[in-house]
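No lab work stands behind these numbers, since they all come straight from the coordinates. Note that the structure is a prediction, hence the values are computed from the model and not measured. Here Cβ is always computed from backbone atoms with ideal geometry, including for glycine, and neighbour counts include all displayed protein chains.
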């Protein structure tokens, strides 16, 4: 993701909430730490933006970041830095994927490589990466998606001679932002690439079998001017498009966050939890990850992984609001790599059960199991040969027949192995004498059986059993689910479910028939236990009529103006305010603000605002809504707003920093012509900071809650209304009320 500029969770209980919602992890081995703390990239560098993580054939985890300096004062741009870890917590710098003079033939000198995505396709690894400057034009910013291949995740990486997606001329001038690639392999074996950003939106195109060229006609899956940094995975027969939204790089005002939509096809249409399409002008998107008032802001551009217990995790970058820049103010935004638990409730993902990014000690991912075999020693001390011949060479186990672990396991568990059918007709994992999951190349199916029952799923056409794949099996109670994938990244090639006649208990093992198979990274761990319920969202309690106004008798005496607008009138139970050709951001400070004092302590404030911004047409940046206001250089503004062709609910924030005001924002939910807006206020008892969490609703009943912005303890924010951003075409905002609740 490029750096560019564009013009509640309550802290007092956050630690308790995180602890209460932490799942019970599998018992880890001695090499797996029990706790960790963000950022996980601290030993690698001060920044590590746009991260993704894969697990290599050697059992290590590899992380990749965007082109940036890694350290304060270094000023050397690393061309896709690579880090390695045995446990997902302790990372070491491996090197850069590309040398200083290494670039594809179509890249201009000095081109940077942004936002890598690394996948295993066939017998090699492929890295997709943004090439920021090509030879297509002399004007620069003619972005393309390139690809490089390597035999291992550590490299060496070799660029393909041609881009996967060429630079695309924009209808409004310049080149569409062809950036932020992510690859996905569907269950039918077809390979796709998602790419794009604010100028042009996110598209998906099918790839050739080798993954190095786009074919067919791309499909737009997320509207322009709202989304970028996509990541797609398949979960319970749904396809989930994760995408980042708002400004990645506004220093201490960065409100970058991750939203999601889901579909029944990798080409969409993707819709949010309320059924609103991500391609609509009033664009949908359900928040997955957003800042919660702790040290982390700008939480976005995510990757995905699953640990050995089956727990899903989200990897992303964020900004420490106390240290937002690398080196000097207003320079490179400092975005280290963070890792947090990804939970699922009612078919929708959320981070830490909805609590958001963590900044304290947390249960670590499970990276070793009770059975944990990398085959990096000559012996098979933990195994018993039940039949056939088995040998270890080059860190892999090869053989045919049956091999049984000497460790007995039962109950809820997850077992997995990397395997290649080098000559076998069938190979897989046994969990007890009667339970087996195998890749049956002879019939082209993934098969699960327990001696009495059998279930299977077809392997995709063109499936090559001699390529390395990951087989993972989860058993919870009597339910078994197994999946086969290229590299454990949420893109399954086959999924099979089987209802067992009784829970699993016995010795796990490996099996191959009809010839030899190759196994590696075999593990069996206790299955993760998901949190029971999500973190509660803010609710409106008892009304506070003394602080509220229904606009049924003119403005009451508690209102105060900053730059009074005589065009604002009250009649018929509503405040009508023509949208001003003015703004609050920057140093202009020409917009009117209608304010009143807020109650002490925790409260929720709400308004209902109707603003006809139309759809699809460009109307920058007409808006109306709520504001928490200290002065013209420190405020948080929650409005429904026109941003080019889109209509969004933006939660913007301005604060003074290094001698000048800085503005950024986050996106909360999809607006309607009439939108309900809320700010949930809380005072952090430890710091005294004021925390405001934003919420929006399209019907006044179902709420989408988003980011938290904070104000210093020594300020006294007031609450108010605004209607500004542009006078053409003429439109008025209508506020039905302003209500406070305890």
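What the table below lists for this structure:
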read-out	value
Projected label distance in nm at residue 190 and residue 265, using a 7 Å step from Cα toward the beta-carbon	0.8
Convex hull of the stretch 505-575 built on C-alpha atoms - directionally averaged projected area, nm²	15.0
Extent along principal axes [Cα atoms of the stretch 480-627; Å; largest to smallest]	86, 41, 30
Convex hull volume per residue in cubic angstrom - Cα atoms of the stretch 296-425	206
Order of 224, 50, 236, 210 - criterion: other Cβ atoms within 10 Å of each residue's Cβ, fewest first	236, 210, 224, 50
Pair residue 322, residue 108: separation of 7 Å Cα→Cβ label points (nm)	4.1
Viscosity 1.306 mPa s, 10 °C: Kirkwood-radius Stokes-Einstein D of the stretch 119-202 over Cα pairs, µm²/s	116
Calculated Rg and Dmax of the stretch 218-320 using C-alpha coordinates, Å	13.9, 41
Spread of Cα-to-Cα distances over 10 Å intervals beginning at zero, given as percent, for the stretch 371-526	12, 46, 36, 6
Residue order, fewest to most surrounding Cβ atoms within 10 angstrom, among 315, 437	315, 437
Volume per residue of the C-alpha convex hull in the stretch 51-122, rounded to whole Å³	107
Cβ-Cβ FRET estimate between residue 376 and residue 617, R0 fixed at 60 Å, reported to 0.05	0.45
Fewest-first ranking of 157, 61, using other Cβ atoms within 10 Å as the exposure measure	61, 157
Calculated Rg and Dmax of the stretch 79-237 using C-alpha coordinates, Å	15.6, 48
Using a Förster distance of 60 Å, the FRET efficiency for residue 673-residue 408 (Cβ separation, nearest 0.05)	0.45
Kirkwood-type radius of the stretch 165-258, with distances r between different C-alpha atoms, in Å	14.1
Two-site FRET efficiency, residue 152 against residue 72, from Cβ-Cβ distance with R₀ of 25 Å, rounded to 0.05	0.20
Rg [Å, one decimal], Dmax [Å, integer] - the chain, C-alpha atoms	26.9, 90
The stretch 371-526 - share of DSSP beta bridges that are antiparallel (%, nearest 5)	100
Helix-only mean residue ellipticity at 222 nm for the chain, each DSSP H run of n ≥ 4 adding -39500 (n - 2.57), per residue, nearest 500	-500 deg cm²/dmol
Tail beyond 22 Å, pair distance distribution of the stretch 405-496 (Cα, percent)	22
The stretch 297-342 - Kirkwood radius from inverse mean 1/r over Cα pairs (Å)	11.7
Distribution of pairwise C-alpha distances over the stretch 471-555, 10 Å bins, in %	11, 27, 23, 8, 7, 11, 8, 4, 1
Cα-Cα P(r), the stretch 545-741, percent of pairs per 5 Å interval	1, 8, 17, 22, 22, 17, 9, 3, 1, 0
Gain in span if fully extended, residue 581 to residue 499, counting 0.36 nm per residue against the direct Cα distance	23.1 nm
